[in-house]
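Q: My questions all concern the structure below.
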Amino acid sequence: MSGKLNFKLRLWRQKDKVSEGKFQEVEAKNISPDMSFLEMLDEVNNDLMRKGEEPVAFESDCREGICGTCSLVVNGLPHGPEKGTTVCQLFMRKFRDGQTISVEPWRAAAFPVIKDLVTDRDAFDQIIAAGGFVSVNTGGAQDANALPVRKCDADTAMDAAACIGCGACVAACPNASAMLFTAAKISHLGHLPQGQPERERRALRMVAKMDELGFGNCSNHYECEAACPKEISVEHIARMNRDYGLSALLGTERERGNTGAG
Amino acid sequence: MNPVFSWLRSSVGRKQLMGLCGIYLYFFLFIHLTGNLRMLAGGESFNSYGHLLLETMGEIIVPIEFSLLAAFILHMYLGYKLSLENLRAKQSRYAVKDSKARKGFYSRFMAISGTWLLVFVLVHVPHFRLGVYTPIGTVNYGGVEMRDLYGAAMHFFAKGWFTLFYVVSFAFLYTHLAHGVHSSLQSLGINHPRYNVALRRISSAYAIVICGGFAALAIWAWFQRGA
């Protein structure tokens, strides 16, 4: 069938965390324009295995743009050239026939490469564990309308909650800063009534954890916003800066002594 | 730990303090420019203004000068520290680089433009404020002896290379302010969809007025040579 595409791939190969990596040049032949980038890599891996070579390691799970597992830098752009798209939803028809495509892992000190294109993003889980939750007492299910939420707040919280934790923000940032991710989580919970009791502690703890893990400092390049497959706005970073600054300087509700119902 | 110290140790807190120092410095630049505009009114007007600041209002102005020095040093220290940490956070670099943001390069240029401005300040302040490189003469207006800063400036800017150095420095200052004014507001959490466009325009207009104003004065002074 005509219309098949061929590409020259430069794939990042790295044996393990401590080894030096380098590019391997591989041909991708007879690729359907309707294949996703990951399906194309599956084909390449099939070819490699048929030749008795080791397939390239990369991560994927849902392949429908909602899980945040896939994490490839395609020609210098996290998740590739399309805006608001994860690399699993990027189709090969977006590339020119015969084009050379470089594929690299996320590069950040806090996201060490485990193998080839797979990085260890455990740091994000640690940031969440530091405060990205609401504490809820167990018991009977609450009535759905017991906590009214304004539509605009629900919408903004949802915009932030769209974060799938893929790490493209860190990968795109010239400073490898995790501000957009952390801000999205803080903002998501901070816009909802359930998130209020822990709002100040959350900002303090998540920012402290983020600093501790070796992410860089934000210097407002806004590459994160442009690379985010969910197009999360840097407005959330400003909001986190406000929450953090006020909580750090004015103290949390416990220190101010106005906890409890009095 | 004292909450103020933990704020100062955090990445967000340090950015906020750096931004506050920057805001203080860029308001100072506006005052400095309005004062310099008196050069256009001639030597007596300019020198008398300098005399008013240093002699009549010295008790207020000198502490303010020290606070500006402190803000400058703190801003510089935090800036370099941030830049070094950012280099460390990005151990390995991409072989192929691209960007979807397509913003100006000013934001990636802050450490370099800042370093240039440090050199500029090391030339400018000792020269015109302290008279280190060449002593500043005195002049007498109606029996009042005062520093002839106007004469010193005219003598300095008569040399093309010095004027060029100043103009280039103001170009660096423009790139620094064009990103810095807007960035400091974002770090302090000032970002609202209703005002963002206005804030960005005011930030660039401010940078253009300040840098254009200083550069125009330096060039004007150069044209006065031999007059």
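The values are calculated or read from the model by the stated rules, or taken from the named source; none is laboratory data. In this text, all values refer to a predicted model and were calculated from it rather than measured experimentally. FYI the Cβ positions are ideal-geometry reconstructions off the backbone, even for glycines, and counts take in every protein chain you see. What goes into the accessible areas is simple: the full protein's heavy atoms, side chains included, and nothing from ligands, DNA or RNA. Shrake-Rupley method; radii C 1.70, N 1.55, O 1.52, S 1.80 Å.
Q: How many angstrom lie between the C-alpha centres of the range B:1-55 and the range A:49-119?
A: After rounding, the separation between the Cα centres reads 48 Å.
Q: Using only the alpha carbons of the range A:1-59, what is the convex hull's orientation-averaged projected area in square nanometres? Write out the running numbers ahead of the final one.
A: Working: hull surface 18.1 nm².
That works out to 4.5 nm², a quarter of the Cα hull's surface.
Q: Another question, if that's okay. In whole Å, what three semi-axes, largest first, describe the equivalent ellipsoid of the protein assembly as shown built from its Cα gyration tensor (square root of 5 times each eigenvalue)?
A: Details: eigenvalues 523, 194, 67 Å².
After diagonalising the Cα gyration tensor, the semi-axes are 51, 31, 18 Å.
Q: Enter the accessible area of B:Phe30 (Å², nearest 10), with the probe set to 1.4 Å and all protein chains included.
A: It works out to around 100 Å².
Q: Another one. Given all pairs of different Cα atoms, what value in angstroms does the Kirkwood hydrodynamic radius of the range A:122-257 take? It would help to have the intermediate numbers written out before the result.
A: Values: mean 1/r = 0.0649 Å⁻¹.
Every distinct Cα pair counted, the radius reaches 15.4 Å.
Q: Pick out the long, greasy-scoring helices in chain A: whole DSSP H runs spanning 24 Å or more along their own axis by Cα, mean Kyte-Doolittle at least -0.5. Let's see the in-between values first.
A: Values: long enough: none.
Both cut-offs are met by no helix.
Q: Then there is this: Lysine pairs in the range A:5-114 with alpha-carbon atoms under 15 Å apart, 8 or more places apart or on different chains: how many are there? Write out the running numbers ahead of the final one.
A: Numbers: A:Lys8/A:Lys29; A:Lys8/A:Lys94; A:Lys29/A:Lys51; A:Lys83/A:Lys94.
Lysine pairs meeting the criterion: 4.
Q: On a straight-distance basis, which lysines could pair with A:Lys151 in a cross-link, Cα separation under 21 angstrom, same-chain partners fewer than 8 positions away excluded?
A: Candidates past the 8-residue exclusion: A:Lys185, A:Lys230.
Q: Packing-wise, with mean Cβ within 10 Å as the measure, how do A:75-85, A:102-112, A:143-153, A:129-139 rank, highest first? Intermediate values should be presented prior to the final figure.
A: Working: A:75-85: 20.0, A:102-112: 23.2, A:143-153: 8.9, A:129-139: 12.3.
Averaged packing, sorted descending, gives the order A:102-112, A:75-85, A:129-139, A:143-153.
Q: If you don't mind, there's one more thing I want to ask. Considering the Cα trace of the range B:12-151, what is its radius of gyration and what is Dmax, both in angstroms?
A: 20.1, 70
Q: Which helices of chain B meet both criteria: a Cα extent of 15 Å or more along the helical axis and a mean Kyte-Doolittle score no lower than 1.6, with helices taken as whole DSSP H segments? Could the numbers behind the result be given before it?
A: On the way: long enough: B:11-36 (37 Å, 0.80); B:58-89 (46 Å, 0.92); B:110-124 (20 Å, 1.93); B:160-187 (39 Å, 0.74); B:196-223 (40 Å, 1.31).
Flagged H segments are B:110-124.
Q: A further question on this structure: Would you please name the GluC sites (Glu not before Pro) within the range A:189-252 that are DSSP coil residues with at most 16 other C-beta atoms within 10 Å of their C-beta? Walk me through the intermediate numbers first.
A: On the way: sites: A:Glu198, A:Glu200, A:Glu212, A:Glu223, A:Glu225, A:Glu231, A:Glu235; in loops: A:Glu198, A:Glu231.
Passing both the DSSP loop test and the Cβ count: A:Glu231.
Q: Separate question: Tell me the net charge near B:Tyr141. Cut-off is 11 Å between Cβ atoms, B:Tyr141 excluded, with +1 for each Lys or Arg and -1 for each Asp or Glu.
A: -3
Q: Please state the relative contact order of chain B as a whole percent: Cα pairs under 8 Å, 6+ residues apart?
A: Values: 183 pairs, mean separation 63.6, N = 227.
About 28 percent, as a whole number.
Q: Would you mind calculating the gained length between A:Glu64 and A:Ser32 on full extension (0.36 nm times residue separation, minus the Cα-Cα distance), in nm to one decimal? Spell out each step's value before the answer.
A: Details: separation 32, 0.36 × 32 = 11.52 nm, distance 1.83 nm.
Length difference between fully extended and current span is 9.7 nm.
Q: What average count of beta carbons from other chains do you get within 10 Å of the Cβ of residues in B:78-91?
A: Working: counts 1, 1, 0, 1, 5, 4, 0, 7, 10, 5, 5, 15, 12, 7.
Mean partner shielding for this stretch: 5.
Q: If you average the sequence gap of Cα pairs under 8 Å that are 6 or more apart and divide by the length of the range A:5-114, what percent do you get for the contact order? Can you show the working numbers first?
A: Values: 195 pairs, mean separation 36.5, N = 110.
Value for the range A:5-114: 33 percent.
Q: Another question about this same structure. Number of Lys pairs in the range B:1-154 with C-alpha atoms less than 19 angstrom apart, excluding same-chain neighbours closer than eight positions?
A: Working: B:Lys15/B:Lys81; B:Lys15/B:Lys90; B:Lys81/B:Lys90; B:Lys90/B:Lys100.
For the range B:1-154, the number of qualifying lysine pairs is 4.
Q: While we're looking at this one, here's another question. I'd like the FRET efficiency for A:Leu147 and B:Leu33, computed as 1/(1 + (r/R0)^6) with the beta carbon distance as r and R0 of 60 Å, rounded to 0.05. Show your work: numbers first, answer last.
A: Numbers: r = 54 Å, r/R0 = 0.89.
Plugging the Cβ-Cβ distance into 1/(1 + (r/R0)^6) gives 0.65.
Q: Okay, moving on. How well do other chains shield peptide A:205-218, expressed as the mean number of their Cβ atoms within 10 Å of each residue Cβ? Don't skip to the answer; put the middle values down first.
A: Numbers: counts 0, 0, 4, 5, 0, 3, 7, 0, 1, 4, 5, 9, 14, 8.
Averaged over the peptide's residues, the number is 4.
Q: Summarise the accessible area of the protein assembly as shown (1.4 Å probe, protein heavy atoms) by the percent that is carbon and sulfur.
A: Reported share for carbon and sulfur atoms: 60 percent.
Q: Ok, one more. Sorted by accessible area (1.4 Å probe), largest first, how do A:Val56, B:Val121 line up?
A: Numbers: A:Val56 5, B:Val121 40 Å².
The ranking, largest first, comes out as B:Val121, A:Val56.
Q: Kirkwood Rh, the range A:5-114, all Cα pairs: how many Å?
A: Working: mean 1/r = 0.0699 Å⁻¹.
After inverting the pairwise mean of 1/r, the radius is 14.3 Å.
Q: When Cβ neighbours within 10 Å are restricted to other protein chains, what is their mean count per residue of peptide B:174-185?
A: Details: counts 0, 0, 0, 0, 0, 3, 1, 0, 1, 5, 1, 3.
Mean number of neighbouring Cβ atoms from other chains: 1.
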